[in-house]
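The values are calculated or read from the model by the stated rules, or taken from the named source; none is laboratory data. Every value quoted in this text rests on a predicted model; they were computed, and no experiment measured them. Ideal geometry is used to build each Cβ from the backbone, glycine not excepted, and the neighbour counts take in all protein chains shown.
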């Protein structure tokens, strides 16, 4: 059934030019209307600016606070990782020093402990690295979403045609006067003040005597 549908479609395509030719032959010949020149599109001079988005996200107040929290998590996991490594090294040293004196059963048990510890250590590193990357990605995406309206507002105020992200593999030189990174950071900090003081709670009503 599928082959029949495909062949029918091909025949239909091939038959269209023949029908068109027959219709053209039957129709009286007329002079084609002269082609009208296309109206040229007038494009004014573009006004561009560049933004270091990574710098803006990392160094705005939100970014400093959020990535500071991520760094604290990294430091904590590094301490746990170092402790696991020490435990593994202790077991390996024990096997190296006492291996010849241990019974076969005790030595086999120690080797199992070392293998188990090393396997857990490897998984801990992989899982922790993935978790850290996910945390960083969530922070970047959250701040980036809030930063887009700030960028658009500045672009409209300056009458910019486009704001381009700095790309070191593409941009060999950018006039510093065309950079709006610091301006975006300041505007973002004003729009989203980090650690803004919360409104004080309303005082509790005085109890009647």
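In table form, for the structure just shown:
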item	result
Within segment 91-108, considering residues that are surrounded by 12 or more Cβ atoms within 10 Å (Cβ to Cβ) and assigned to a helix (DSSP H, G or I), the one modelled with the lowest pLDDT	99
Any hit, segment 141-149, residues being loosely packed, with under 12 Cβ neighbours inside 10 Å and over 20 Å from residue 63 (Cα atoms)	no
Subset of segment 130-140 (residues that are over 21 Å from residue 190 (Cβ atoms) and either surrounded by 12 or more Cβ atoms within 10 Å (Cβ to Cβ) or touching a residue at least 60 places away in the same chain (Cβ under 8 Å) (or both))	131, 132, 135, 136, 138
Test: residue in segment 1-18 that is farther than 30 Å from residue 153 by Cα, surrounded by 10 or more Cβ atoms within 10 Å (Cβ to Cβ), within 48 Å of the chain's Cα centre (by Cα) and modelled with pLDDT of 80 or more	no
